[in-house]
Amino acid sequence: MQLLEAYEVGIPVATSNISSMPEVAGKAAVYFDPTKTSEIKTAIKQVLLDRGLHDRLADAGREQLKNFSWDKCARETLAVLKS
């Protein structure tokens, strides 16, 4: 998933507040309503122009990434398939 790839390389994330995005991104993103272009614009500007926010999100993203791994995914998928 692109969010996790961004976290891996220290890129701050702005993402929609729907679907699984909040679950995956946690506190490591700026969220926007994808139906409101003004919110999208504001979120993108924030992560690009606010260096402090940029750095905090990059750090939070690296921490959030620790919650995900291919091994964990495989174990959880196998458990579902076995049940």
For this session: Taking the residues in region 13-22 that are at pLDDT 95 or above and over 8 Å from the mean Cα position of the chain (by Cα) as candidates, determine which candidate is surrounded by the fewest Cβ atoms within 10 Å (Cβ to Cβ).
Result: Ile18
Exercise. Is region 9-25 home to any residue that is touching a Gly at 6+ places or on another chain (Cβ under 7 Å) and outside any loop (DSSP other than H, G, I, E, B)?
Worked result: yes
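Quick one: would you say Val47 is among the aliphatic types (A, V, I, L, M), in contact with a His (Cβ under 9 Å, 6 or more places away or on another chain), at negative phi and in contact (Cβ under 8 Å) with a residue 12 or more places away in the chain?
It is true that Val47 is among the aliphatic types (A, V, I, L, M), in contact with a His (Cβ under 9 Å, 6 or more places away or on another chain), at negative phi and in contact (Cβ under 8 Å) with a residue 12 or more places away in the chain.
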For this session: Please go through region 33-60 and pick out each residue that is basic (Lys, Arg) and more than 17 Å from the chain's Cα centre (by Cα).
Result: Lys36, Lys41, Arg51
Problem set entry | So Ile40, is it surrounded by 15 or more Cβ atoms within 10 Å (Cβ to Cβ) and modelled with pLDDT of 95 or more | yes
Problem set entry | Candidate set: region 50-83, residues that are in a helix (DSSP H, G or I), in contact (Cβ under 8 Å) with a residue 24 or more places away in the chain and not charged (D, E, K, R); chosen: the one surrounded by the fewest Cβ atoms within 10 Å (Cβ to Cβ) | Leu53
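The values are calculated or read from the model by the stated rules, or taken from the named source; none is laboratory data. Predicted model only: the values in this text are computed from it and were never measured. Methodologically, a virtual Cβ is constructed for each residue, glycine included, from the backbone with ideal geometry; neighbour enumeration extends over all protein chains shown.
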